[in-house]
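Have a look at the structure below before the remarks.
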Amino acid sequence: MKFFDTWTRKKEEFKPLDKMAVKIYSCGPTVYNFAHIGNLRTYLFADILKRSLMYCGYKVKHVMNVTDVGHLTDDGDTGEDKMEKAARMENKSAKDIANFYWQAFRDDLAKLNISEPTIWCRASEYIQEQIDLIKKLEEKGYTYKISDGIYFDTSKIKDYGYLARLDIKGLNEGARIATNKEKRNSTDFALWKFSPTIRKRQQEWESPWAPPGRGKAFGFPGWHTECVAMALKCLGAPIDIHTGAIDLAPVHHTNEIAQARALLNKKFVQIWMHGEFVIINDKKMAKSEGNFMTLASLIGQGYDPMSYRYLCLTTHYRSKLNFNFEALLAAQAGLNNLREKFLNFGKASGNIISEFQKQFADAIDDDLNMPQAMALVWAVLKAEASDADKRATLLDFDKVLGLNLENYQEQSVEIPDDIKKIADERERVRQKKNWKRSDQLRDELEKLGWIVRDTSVGYELKKKI
Ligand code: AMP
Ligand code: ZN
């Protein structure tokens, strides 16, 4: 299999480090609010990656973090902790906020048929590991203390910023005025922050560190440390694949790498994989832009959440996905059409068509080429083969696509009386073998938005999308 590695900027041949299980770490949600469909695309990409590896015979150990402390509202280690802010706004405890939005996130994953990670890691449950990690960095001379916390000196890392090809000199010059004056370099980041004195935090811990001139202080870890601490604890280095969306490369992942470089004398991550954004009118979908949509809002407007999965599959994970409702509607129609055809194949078991299977495996191997995989789905539907073999082939593909074809049941919808009358009339003329009239009535139904299908025990009606 070949995957595009953000570090080398090339498609690299994937060689698992351990034959037993491929180790994947995915940066997970900050659970202060509902996820938007842009966030969800990133997890869908990790799901496809996992399913593809399993399709190719690998076992996967997948770890995802839940950020429930330390992610600040502004970049550059300023601003309020997103969790603390949400707790204040909703008048709840930070723990309740985290529990609520984490569950909401898991519900979204289930609705999109995204499999859960093998291990969930909540940042607040790994505080000691983070403190220990920072202590080690301190012993090795990579840290320094300023009035609001302990910082990482990025100038000590030779190739700092390579992942995102950062222009460090330019960044330092450009940021001279804006940056925290006490920081040695604009790219330095907080490992541990002291709790502010103006407002008592809900989540804070004792640590070996205190602000200059104070004996003792509570504090909390910086966001970039949690992922390194938990990845090392739950997976151990080297990790095969680390995933996230592309915006994490220049800061969060760059800072993960810096800490790992300082700590380890071996590679931290074999392949860095990043998913592109969902955009709306050429702008990144983001909570801060106010242009975001949740899965619940799509469902509320009558869309099947799985049509969003289908839509994502039609765009390569490294291409921007331009979200609009025409595209979602087309995806929903495509999915329903596929489901309809699949149901019509009946239940007989057949053989996977090997030629298609080979092409499908090739598409996956080529950096998870899902648009190509989806084109093959339609090629199978049109192929000269038995229904049973087509069904078997699509079920095989669905291990990766995750469209849940086998378990799809047509929803029962209320059939209006006048529609039922026409369908009954059609059934009567069919019994009398009046095919012409039967076809006319079928067309009439279709014009009214209903599709009729004949089965051995009568007819079935389905609403057209
Ligand atoms: P957050 O919960 O804000 O920490 O974000 C969770 C994940 O979603 C991170 O990997 C982000 O980089 C990613 N993300 C944020 N916005 C988008 C977007 N518009 N499209 C795709 N992924 C995104
Ligand atoms: Zn992370």
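How large is the charge dipole for the chain, taken about the Cα centre, if only the Cβ atoms of Lys, Arg (+1) and Asp, Glu (-1) carry charge, to the nearest 20 debye?
That gives the chain a dipole magnitude of about 340 debye.
Relative to the longest principal Cα axis of the chain, at what angle does helix 417-431 sit, 0 to 90 degrees, rounded to 10?
Roughly 50 degrees, rounded to the nearest 10.
With every protein chain kept in place and ligands, DNA and RNA left out, what is the accessible area per residue of the chain? Probe 1.4 Å, answer in Å².
47 Å²
Would you mind checking which residues have amide H under 5 Å from residue 369's amide H? H placed 1.01 Å from N; only 5 or more apart, or other chain.
Amide H neighbours of residue 369: 364.
Could you give the length gained by full extension between residue 322 and residue 119, i.e. 0.36 nm per residue of separation minus their alpha carbon distance, to one decimal place?
Once the chain is fully extended between residue 322 and residue 119, it gains 69.9 nm.
Just read off the accessible area of residue 274 with the full protein assembly in place, 1.4 Å probe, to the nearest 10 Å².
For residue 274, solvent-accessible area is about 10 Å².
Any idea what the dipole of the range 417-463 comes to, in debye rounded to 20, about its Cα centre with Lys/Arg Cβ at +1 and Asp/Glu Cβ at -1?
Charge dipole, the range 417-463, about its Cα centre: 180 debye, nearest 20.
Given contacts defined as C-alpha pairs under 8 Å and at least six residues apart, what's the relative contact order of the chain, whole-number percent?
16 percent
Order these peptides, 420-433, 38-51, by their mean beta-carbon neighbour count within 10 angstrom, highest first. If you can, show how the numbers build up before the last one.
Numbers: 420-433: 14.0, 38-51: 24.1.
Highest-to-lowest ranking by the protection proxy: 38-51, 420-433.
Assigning unit charges at the beta carbon (Lys, Arg +1; Asp, Glu -1) and nothing else, what dipole magnitude in debye, to the nearest 20, does the range 184-261 show about its Cα centre?
Around 480 debye, computed over the range 184-261.
Under 8 Å for C-alpha pairs, at least 6 residues apart: give me the relative contact order for the range 279-401, rounded to a whole percent.
Averaging sequence separation for qualifying contacts and normalising by length gives 26 percent for the range 279-401.
Helix 127-139 versus the longest principal axis of the chain: what angle, 0 to 90°, nearest 10, using Cα atoms?
That works out to roughly 50 degrees.
Can you list residues whose amide H is under 5 Å from residue 269's amide H, if they're 5+ apart or on another chain and H is modeled 1.01 Å from N?
Those qualifying (amide H under 5 Å, at least 5 residues apart or on another chain) are 239.
Anything over 29 Å Cα to Cα? Flag those among 61/283; 287/463; 19/82; 19/233; 382/464; 11/82, in the order listed.
Pairs exceeding 29 Å: 61/283; 287/463; 19/82; 11/82.
Over the chain, with every protein chain in place, what whole percent of the accessible area is carbon and sulfur at 1.4 Å, could you tell me?
50 percent
Cα centroid distance between the range 170-248 and the range 303-337, in Å?
After rounding, the separation between the Cα centres reads 37 Å.
Which GluC sites (Glu not before Pro) does the range 176-274 hold that lie in a coil by DSSP with at most 13 other beta carbons within 10 Å?
182
Residue by residue through the range 155-162, which ³J(HN,Hα) values in whole Hz follow from phi under the Karplus form 6.51 cos²θ - 1.76 cosθ + 1.60 (θ = phi - 60°), with glycine and proline marked x?
Listing the rounded values in order: 5, 7, 9, 4, 9, 3, x, 4 Hz.
Can you tell me the length gained on complete extension of the stretch residue 145 to residue 432, counting 0.36 nm per residue apart and subtracting the Cα distance?
94.3 nm
Check each of the trypsin sites (Lys or Arg not before Pro) in the range 333-402 and keep only those in coil by DSSP with at most 11 other C-beta atoms within 10 angstrom; list them in order.
347
Stretch residue 453-residue 282 to full length: gain in nm at 0.36 nm per residue minus the Cα-Cα span?
57.3 nm
Report ³J(HN,Hα) in whole Hz for each residue of the range 321-332, in order, from the Karplus equation J = 6.51 cos²θ - 1.76 cosθ + 1.60 where θ = phi - 60°; Gly and Pro get x.
Once rounded to whole Hz, the list reads 10, 8, 7, 8, 6, 5, 5, 5, 5, 5, 5, 5.
Antiparallel as a % of all DSSP beta bridges within the range 2-275, to the nearest 5?
That works out to approximately 50 percent antiparallel.
Return the calculated 222 nm mean residue ellipticity for the chain, to the nearest 500 deg cm²/dmol, obtained by summing -39500 (n - 2.57) across DSSP H runs with n ≥ 4 and dividing by the residue count.
Estimated from H runs of four or more residues: -13000 deg cm²/dmol.
Indicate the gyration tensor shape class of the range 2-275 (rounded, prolate or oblate), computed on the Cα atoms with a ≥ b ≥ c the square roots of the eigenvalues: a/c under 1.5 is rounded; otherwise a/b larger than b/c is prolate and the rest oblate.
Oblate, since a/c reaches 1.5 and b/c is not below a/b.
The values are calculated or read from the model by the stated rules, or taken from the named source; none is laboratory data. Treat the numbers as computed from the prediction; the structure is a model and nothing was measured. Here Cβ is always computed from backbone atoms with ideal geometry, including for glycine, and neighbour counts include all displayed protein chains. Areas reflect the complete protein model, heavy atoms only, side chains present, ligands, DNA and RNA absent. Shrake-Rupley method; radii C 1.70, N 1.55, O 1.52, S 1.80 Å.
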